[in-house]
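Report on one structure; see the data block that follows.
The values are calculated or read from the model by the stated rules, or taken from the named source; none is laboratory data. Values in this document were obtained by computation on a predicted structure and should not be read as measured data. All Cβ positions, glycine included, derive from the backbone under ideal geometry; neighbour counts span all protein chains shown. Just so you know, the surface numbers come from the protein's heavy atoms only, side chains and all, with ligands and any DNA or RNA stripped out. Shrake-Rupley method; radii C 1.70, N 1.55, O 1.52, S 1.80 Å.
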Amino acid sequence: MPLALLALAVGAFGIGTTEFVMMGLLPEVANDLHISIPTAGHLVSAYALGVVIGAPLLAALTARMPRRTVLIGLMALFVAGNALSALAPDYHWLMAARFLSGLPHGAFFGVGAVVATSMVAPERKARSVSLMFLGLTVANIAGVPVGTLLGQHLGWRATFLGVSVIGLAAVASLALLIPRAEANAAPAIGLRGELAALRSVPVWLALGTTVAGFGALFAAYSYITPMLTDSAGYADASVTLLLALFGVGATIGNLLGGRLADHAMRRTLFGGLLSLAAVLALFPLLMSTAWSAALAVMLLGMAAFVTGSPLNLMVMEKASSAPSLASSANQAAFNLANAGGAWIGGLALAAGFGVTSPALAGAALAVLGLGVAGAAYAVDRRRVAPRAGRERLVAGHVPQQAETVQH
């Protein structure tokens, strides 16, 4: 695989760290800025809002720019957002800085996925995307725990300064390793062409599958701590280590999904969603003992991230004329899934259905994702059938015309 994928993975590592580390730093931020923890939690939402707005907007605005230049510029914006987070004098400035940090997130992954697939043979496209996303999953194993410990011992501002340094390393890696061809050749399609691709029904069905599938993950993962402590009996201090197990599972699932999707993209997607539904349905049972709860956390990461590469590749293929915008929109869909899944899981918890009920709500969302993916498959079949008929019709007429001429 090209070394340029390493540069994309470094950027993904920084993005993954800053996205999730705030959840572990909420008490430190709340104490330092004299706000409540629920108020500090809005900083997580501010970042997600930045992703949802920035993903399609920045991808569309940079449609005619060379992709190498776009990636470097997006990572520079990421560095600025995290540096401003570290220097924020109060809560409102920190909120604005977190929003700014989220703006380049989706567009970076969207444009990065297009660059990654352009540098490999067609049969290795999904694997190239999974290697870029490897940085995101490894961030959950190393970046988030280390960033949380750094913030607890040196202050939360030190964490965001550290993430800024990672971002600078990513800028240097992108400048050195992304091929010069990406610096000189801008995509021919403009803003109008990019937006036209989003009028496709298959694209929206693919995005809907992302929302439902990853909504299933976040319905459960958002409430994994009370499940581990109240149901499985773990101490609070053990949760960080168990969440690293989720990162291990996500890394395995991401790499496995990339390899399998290169051979059978649709079957990999269906298999991943089915596995996710099964794991979440078994959560009440698996959370009854300590060892099975640890296994459940890892299996959750594996099942969810098996679907990552095929979903991203499917969106790009359905919008082949404008893959950057579609892939960026898929990142916005992922963050909508984060917010929507957490809300639905919270409804189950608030209704008094038990501490593991968010997982069952997630299982229902995974089944919904299977239904949307099935609808996408049916639409594809319906579109392919008339095309195949026309091709057979043309093939049937050609010999007859040739025979008539000969006679």
Once all protein chains are kept in place, L347 shows an accessible area at probe 1.4 Å, nearest 10 Å², of 90 Å²
With +1 at each Lys and Arg Cβ and -1 at each Asp and Glu Cβ, the charge dipole magnitude of the stretch 31-156 around its Cα centre, to the nearest 20 debye, comes out at 580 debye
Note on the stretch 48-171: alpha-carbon gyration tensor, axes a ≥ b ≥ c; rule is a/c under 1.5 for rounded, else prolate if a/b larger than b/c, else oblate; result oblate
quick shape note, the stretch 258-356: Cα extents on principal axes in Å, largest first -> 48, 29, 16
If every Lys and Arg gets +1 and every Asp and Glu gets -1 at its Cβ, then about the Cα centre the chain yields a dipole, in debye to the nearest 20, of 1260 debye
For the stretch 250-329, averaging the sequence separation of alpha carbon pairs under 8 Å that lie six or more residues apart and dividing by its residue count, the contact order in percent is 42 percent
Along the dipole axis of the chain (charges at Cβ: +1 for Lys and Arg, -1 for Asp and Glu; origin at the Cα centre), the most positive-end residue among M23, V379, V211 is V379
For M132, the accessible surface traced by a 1.4 Å probe with all protein chains present amounts, in square angstrom to the nearest 10, to 0 Å²
Projected onto the charge dipole of the chain (unit charges on the beta-carbon of Lys, Arg, Asp and Glu, signs +1, +1, -1, -1), the Cα from S101, V114, Y234 with the largest positive-side position is that of V114
At q = 0.12, 0.19, 0.27 Å⁻¹, the log10 of I(q)/I(0) for the stretch 1-71 from a Debye sum over equal Cα scatterers comes to -0.49, -0.89, -1.17
Here, L282 and R382, labelled 7 Å along Cα→Cβ, have an inter-label distance in nm of 3.6 nm
When all Cα-Cα pair distances of the chain are considered, the percent exceeding 31 Å is 38 percent
If each K or R counts +1 and each D or E counts -1, the residues other than L131 whose Cβ falls under 14 Å of its Cβ total +3
With a Förster distance of 41 angstrom and the Cβ-Cβ distance between S292 and L57, calculated FRET efficiency to the nearest 0.05 equals 0.40
Cα pairs beyond 23 Å in the stretch 100-183, in percent, come to 33 percent
In Å², rounded to a whole number, the accessible area per residue of the stretch 1-51 with probe 1.4 Å is 36 Å²
By the C-alpha gyration tensor axes a ≥ b ≥ c (rounded if a/c is under 1.5, else prolate when a/b exceeds b/c, else oblate), the shape of the stretch 213-262 is oblate
From most to least accessible, 1.4 Å probe, no ligand or DNA/RNA atoms counted, W156, W291 line up as W291, W156
Note, D262: beta-carbon cut-off 11 Å, +1 each Lys/Arg, -1 each Asp/Glu, net +3
What helix-only [θ] at 222 nm does the chain give? Using -39500 (n - 2.57) per DSSP H run of at least 4, over all residues, to the nearest 500, the answer is -28000 deg cm²/dmol
Expected unfolding gain across R64-E123 under the 0.36 nm per residue rule, minus the alpha-carbon gap, is 18.5 nm
Contact order relative to length for the chain, counting C-alpha pairs under 8 Å separated by 6 or more residues, stands in percent at 24 percent
